[in-house]
Structure formats: C-alpha cells, structure tokens
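Participant: What follows is a single structure, and I will ask about it in a moment.
The values are calculated or read from the model by the stated rules, or taken from the named source; none is laboratory data. Remember, it's a predicted structure, so these values are computed and weren't measured experimentally. When we count neighbours, we look across all protein chains shown, and the Cβ atoms used for this are built from the backbone with ideal geometry, even at glycine. Just the protein is used for accessible areas: all its heavy atoms, side chains included, with ligands, DNA and RNA removed. Shrake-Rupley method; radii C 1.70, N 1.55, O 1.52, S 1.80 Å.
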Amino acid sequence: MNEETWEQVRAVVASIPPGSVLSYGDVAEIAGLRSARIVGRILAEDSADLPWHRVLRSNGTVAEHLRQRQLELLRAEGVLADGARVSMRRYRWNPEEEPTPGSAV
C-alpha cells in the first residue's frame, strides 16, 4: 500500500462531519479504492488523530472490541444507536450534499 492511498483514506475519514457516519466501503469508494478492507487496515494502524468512530460496517454495526467506546463517541455527537446498530439511512454522510463554501444555504 502506498503513501498516497494512506493519505486519501485519512483525508476522507477526517472530512466526515460530527453527527455523521460512513461505512468502510463508502470511505473506500470516495477515496477511489476497490477494497473496504484497506480502509479497515489503515484505521487499525493509524487513526489516533482521526474521527475513526464515524466509520462503521455497512450494516451500521461496530466491531465488538470497539463497541462501547465507539457508540459512546457517536452518542456524544448526536448519533444514536438502536442497540448496537446505527441507522445508516439516517446518519450516513453524503459529501455531495454538502454546501460549497460561500454558497447560499
């Protein structure tokens, strides 16, 4: 894996706004990658300064070993889970719907 791939994934994850989530596959697609597993690997190795908690499995669940902390961080941002599942329909971020700087809202 090259440094450009690494930085593309980091940039996408860093851009997810508070109160929103993406799936590993969403991050991969936005970063121009073919595999969501690469996103997981990068986050497992290098996410201390990123909002890693905003990246979930495509079904809205988190890994069991991260569950309590991840759901706690999401809840603090207003992302509520039903049990251990976050509604991707409700909280998924669509970067294409973001207003451009300086545009009328």
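Participant: E72 - would you say it is of a type in the set (D, E, K, R), closer than 28 Å to E4 by Cα, at pLDDT 95 or above and open to solvent by 60 Å² or more (accessible area, probe 1.4 Å)?
Facilitator: Spelling it out, it is not the case that E72 is of a type in the set (D, E, K, R), closer than 28 Å to E4 by Cα, at pLDDT 95 or above and open to solvent by 60 Å² or more (accessible area, probe 1.4 Å).
Participant: Go through region 19-45 and count every residue that is in contact with a Lys or Arg (Cβ under 8 Å, 6 or more places away or on another chain) and under 16 Å from Q70 (Cα atoms).
Facilitator: Summing the residues that are in contact with a Lys or Arg (Cβ under 8 Å, 6 or more places away or on another chain) and under 16 Å from Q70 (Cα atoms) in region 19-45 gives 5.
Participant: Within region 51-62, work out how many residues are in a loop (DSSP other than H, G, I, E, B) and modelled with pLDDT of 95 or more.
Facilitator: 5
Participant: Out of all the residues in region 18-33, is one or more within 11 Å of the chain's Cα centre (by Cα), β-branched (V, I, T) and in a strand (DSSP E or B)?
Facilitator: Yes, region 18-33 has at least one match.
Participant: Take the conditions part of a helix (DSSP H, G or I) and open to solvent by less than 50 Å² (accessible area, probe 1.4 Å) and apply them to V79. Does it pass?
Facilitator: No: the conditions fail for V79.
Participant: Quick check on this structure: which one of A11, A48 is open to solvent by 30 Å² or more (accessible area, probe 1.4 Å), hydrophobic (A, V, I, L, M, F, W, C) and either closer than 20 Å to R90 by Cβ or in a helix (DSSP H, G or I) (or both)?
Facilitator: One residue alone meets the criteria, A11.
Participant: Go through the residues of region 46-57 one by one and say whether even a single one is in contact with a strand residue (DSSP E or B) (Cβ under 8 Å, 6 or more places away or on another chain) and farther than 20 Å from V9 by Cα.
Facilitator: The answer is no; no qualifying residue exists.
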